[in-house]
Amino acid sequence: MRQFYLFRMKKTAIHIPLLIKQEDELTTQELRLLNEARLATYRSYAPYSHFSVGAAVELADGTIVSGSNQENAAYPSGLCAERTAVFYANSRYPDVPIRRICIAARNTEGKPLKRFIAPCGACRQVLLEAEQRAGHPIEVLLHGTEGTYFIRSIKDLLPLCFDDTFL
Ligand code: THU
């Protein structure tokens, strides 16, 4: 009986392709997007964590909008940079799909992160909705001074995700 179960068991794996680029390997538009994300960190409001995050969103028509983390004394009322940027983009330009998002951060000493910044689960879920809304993959650029990680789609950041295909 035990052997029967083993026979039916399947092993599989999910592979997520990553491209890691150094700053001098970025295209002009990628560098523009990264610079907007870095600039946005200086507009962060983070008096509690002192961790400044900036997100720059590139729309299908090339427009770039950015956002930063906005904290609150009632901690959960604050919002991450990614959601600030995506919600702003979608409310300002509801008919223009998002093409790419770049995220950068500075640590509690104000220094740029060496390792890439990883978006939280809630931001990934919101980005997934934006991807569905766009109808095409949204590319993600996670910046660290050691390299910028390129992820081809939000789905890669949220494998086995819950989306509207379950509804
Ligand atoms: N934060 C972001 O804005 N984006 C991330 O990807 C991770 C975390 C913010 C939330 C909070 O204001 C601060 O960073 C520390 O968690």
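The values are calculated or read from the model by the stated rules, or taken from the named source; none is laboratory data. Small disclaimer: the values here were computed from a predicted structure and weren't measured. Here the Cβ positions follow ideal geometry from the backbone for every residue, glycine too, while neighbour counts run over all protein chains shown. Areas reflect the complete protein model, heavy atoms only, side chains present, ligands, DNA and RNA absent. Shrake-Rupley method; radii C 1.70, N 1.55, O 1.52, S 1.80 Å.
Between beta-carbons, use under 10 Å as the cut-off and find the net charge around Ile138, counting Lys and Arg +1, Asp and Glu -1.
That sum, taken over residues with Cβ under 10 Å, equals +2.
So what's the net charge close to Leu26: Lys and Arg +1, Asp and Glu -1, counting the other residues with Cβ under 15 Å from its Cβ?
Net local charge, Leu26 excluded: -4.
Grab the Cα-Cα distance for Lys111 and Asp95, subtract it from 0.36 nm times how many residues apart they are, and report the gain in nm with one decimal.
Gain in length upon complete extension: 2.1 nm.
So, counting K/R as plus one and D/E as minus one, what does the shell of residues with Cβ under 13 Å around Gln70 add up to?
That works out to 0.
Counting helices only, and only those DSSP H runs with n ≥ 4, report the 222 nm mean residue ellipticity of the chain as the sum of -39,500 (n - 2.57) divided by its residues, in deg cm²/dmol to the nearest 500.
My calculation for the chain gives -9000 deg cm²/dmol from helical runs alone.
For region 69-144, rounded, prolate or oblate, judged on the Cα gyration tensor with a ≥ b ≥ c (square roots of eigenvalues), a/c < 1.5 rounded, else prolate if a/b > b/c?
Judged from the Cα gyration tensor, region 69-144 comes out oblate (a/c at least 1.5, b/c at or above a/b).
Rounded, prolate or oblate: pick one for region 4-81, where a ≥ b ≥ c are the square roots of the eigenvalues of its C-alpha gyration tensor, a/c under 1.5 means rounded, and failing that, prolate if a/b is larger than b/c, else oblate.
Verdict is oblate for region 4-81.
Averaging over every viewing direction, what projected area does the convex hull of the Cα atoms of region 18-158 cover, in nm²?
Computing the convex hull of the Cα atoms and averaging its projections yields 7.8 nm².
On a full-extension model of 0.36 nm per residue, what is the gain between Asn72 and Ala118, subtracting their alpha-carbon distance, rounded to one decimal in nm?
Extra length from Asn72 to Ala118 when fully extended: 14.4 nm.
Can you compute the modelled spin-label distance between Glu129 and Asp156, with each label point 7 Å from Cα toward Cβ, in nm?
For Glu129 paired with Asp156, the spin-label model returns 2.4 nm.
Which trypsin sites (Lys or Arg not before Pro) does region 132-167 hold that lie in a coil by DSSP with at most 15 other beta carbons within 10 Å?
Arg152
For region 18-158, which whole-number percentage of the solvent-accessible area (1.4 Å probe, protein heavy atoms only) is attributable to carbon and sulfur atoms?
On region 18-158, the fraction of accessible area on carbon and sulfur atoms equals 53 percent.
Starting with the highest mean, order 115-126, 46-57 by the number of other Cβ atoms within 10 Å, averaged over the residues of each peptide.
My ranking of the peptides, most packed first, is 46-57, 115-126.
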